[in-house]
Amino acid sequence: MRYLLLEAIAFISMVFTSALSPNFTLLGVQGDILFAVMLAMVYMEKRLTPVLFAALNALIFDALFARAIGFYTLQYLVAGLFFYLMIAKREDSFLVYIITAEVTWILKEVFGVLLCMLTDNPMNLWTRLRVYSLPGLVIHLILFTVFYLIFSRVYRLKAIRPSTMIDERDF
Amino acid sequence: MNVSKNRPMIVAIIAIIVLLVLVISTSNTDSAKGPVSIAGNIIRPVQSFFFGLGRKASGNEDKNVGTWKEKYEKLLAEQEKYEEMLKNYEELKAENDRLSELLNYVGNIEYDICTADIIGTTPSEWFNEFVVNAGLDKGITKDMVVYNKDGLVGRITYSAKGYSRGISIMDESSGIAVMVERTRENAILSPIEGTSNELELLYLRDNADIVPGDVIITSGIGGIYPKGIQVGKVIEVSTENAREKKVKILSTVDFDHIEEVTIVLHVYNEGTD
């Protein structure tokens, strides 16, 4: 049941990111809903499983949009892994979550530029940071907060919590 | 943290290694027949539905489209205008035919076209690319030219059964051979970073005659875009130094509100076309 819910959430987030986000921008930047959902879920359960589900659905981005298979999936995997390692052993703190999530967003962007270079697609790191990544901190701050609030309630449901997480934490 | 006991961690690390190999090996390749194409076709209807929904919700639909009644009245008015234009056109055509014959000019060969809806754009704007709901089944292949009623949109870069992906002229990797329609000055058109519809002319002759309002068209050089497709209009000419002119172009296509495109079902070849 838990895995079904994780897949459903990741799939809906993926559809929203690819189909709705391009039409709703802030400072010219599209919000990455799948990314924000993934980080919120990793933070809630302190496990890497949501990253795998997000990456699985990011493969569909690769199928439709990418110039190389794995271009999008790798970004979610690497950023998710980084966020998990940063957050796994820390005490719960909204501030730490937000700061780590914002740093992860920048890391994802820098990694994306590296992938562009690796796949022989011209991309200037400074231009990308100036035009997209840094203004993107604003829309993602909103998304991280919204999904934090949503998932702090969703994770009260036993069906989505990992089986080992038997104590009902005060989400 | 004991990695060996953390199965998701092991899966993630293996997936990263495998995907890195895939990214490098499939970079800029045409993998139309394979799992990629199948996955793309599964998600295409969902993507198309939600993308359209998003357009409506955000108000990003074509602003000219009103109610059916308004459209009908507008069309009636336009019909009258075009009937008048048609009379002039007949005269001009007859004159053009006479002059072409005189010059032994072969004229443009006409090609089949295919119209398609844009059903998606690249997430996170990594590339200026778009996905259309027509592919190999409609005869669309790589390097076919894409345009709409306003001018040049781009070209097809990948085609699968049921959908295709195209690169817009606003992509950083895009460089188009163009000319100034009025003076026939040749140059290369390149997008200005960080803008959605502004471009600049490169390699323009130092003393080139160019003024704001001049129309820029494709020159046919380079082998992808045939000659004569409108690309944009000059909006600014600045001479920062005596040796170099900076010419800013505004694309005639509104890339933020583009919905339908036309694809020429022929790959242009500079040598033979």
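Overview of results
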item	result
Residues that are within 13 Å of chain B (Cβ to nearest Cβ) and either surrounded by fewer than 16 Cβ atoms within 10 Å (Cβ to Cβ) or within 29 Å of B:Tyr158 (Cα to Cα) (or both), drawn from the range A:74-104	A:Leu74, A:Gln75, A:Tyr76, A:Leu77, A:Val78, A:Ala79, A:Leu85, A:Ala88, A:Lys89, A:Arg90
Pair list, Cβ under 6 Å, 6 or more apart: the range B:118-133 residue facing chain A (nearest Cβ under 7 Å) and free of Cβ contacts under 8 Å to residues at least 40 places away in the same chain, other residue among the aromatic types (Phe, Trp, Tyr) and in a loop (DSSP other than H, G, I, E, B)	B:Thr122/A:Phe65
Unmet requirement for B:Arg165, which otherwise passes all of (1) in a loop (DSSP other than H, G, I, E, B); (2) in contact (Cβ under 8 Å) with a residue 24 or more places away in the chain	(1)
Residue count for the range A:45-73, restricted to those that are out of contact with any strand residue (DSSP E or B) (no Cβ under 9 Å at 6 or more places or on another chain), touching a residue at least 24 places away in the same chain (Cβ under 8 Å) and open to solvent by less than 10 Å² (accessible area, probe 1.4 Å)	11
Residues that are in a loop (DSSP other than H, G, I, E, B), of a type in the set (Val, Ile, Thr), open to solvent by 70 Å² or more (accessible area, probe 1.4 Å) and in contact with a Gly (Cβ under 9 Å, 6 or more places away or on another chain), drawn from the range B:199-256	none
Boolean, A:Ser152 is modelled with pLDDT under 90, within 20 Å of A:Leu34 (Cα to Cα) and not aromatic (Phe, Trp, Tyr)	yes
Qualifying residue in the range A:50-69 (condition: aliphatic (A, V, I, L, M), in contact with a Ser or Thr (Cβ under 6 Å, 6 or more places away or on another chain) and assigned to a loop (DSSP other than H, G, I, E, B))	yes
Among residues of the range B:168-195, those that are out of contact with any Ser or Thr (no Cβ under 9 Å at 6 or more places or on another chain) and closer than 19 Å to B:Pro123 by Cα, counted	3
Condition check for B:Thr183: open to solvent by 30 Å² or more (accessible area, probe 1.4 Å), farther than 20 Å from B:Tyr268 by Cβ, at pLDDT 85 or above and of a type outside the set (Phe, Trp, Tyr)	yes
Selection within the range A:112-126 - more than 19 Å from A:Leu34 (Cβ to Cβ) and of a type outside the set (A, V, I, L, M, F, W, C)	A:Thr119, A:Asp120, A:Asn121, A:Pro122, A:Asn124
Breaking point among (1) touching a Ser or Thr at 6+ places or on another chain (Cβ under 8 Å); (2) within 14 Å of chain B (Cβ to nearest Cβ), for A:Arg128	(1)
Check on A:Leu129, over 16 Å from A:Leu34 (Cα atoms), over 14 Å from the mean Cα position of the chain (by Cα), open to solvent by 40 Å² or more (accessible area, probe 1.4 Å) and not hydroxyl-bearing (Ser, Thr, Tyr)	no
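The values are calculated or read from the model by the stated rules, or taken from the named source; none is laboratory data. Note that the structure is predicted; figures quoted are calculated from it, not measured. So basically every Cβ, Gly included, is an ideal-geometry build from the backbone, and we count neighbours across all protein chains shown. Protein only, heavy atoms only, side chains kept; ligands, DNA and RNA dropped before computing areas. Shrake-Rupley method; radii C 1.70, N 1.55, O 1.52, S 1.80 Å.
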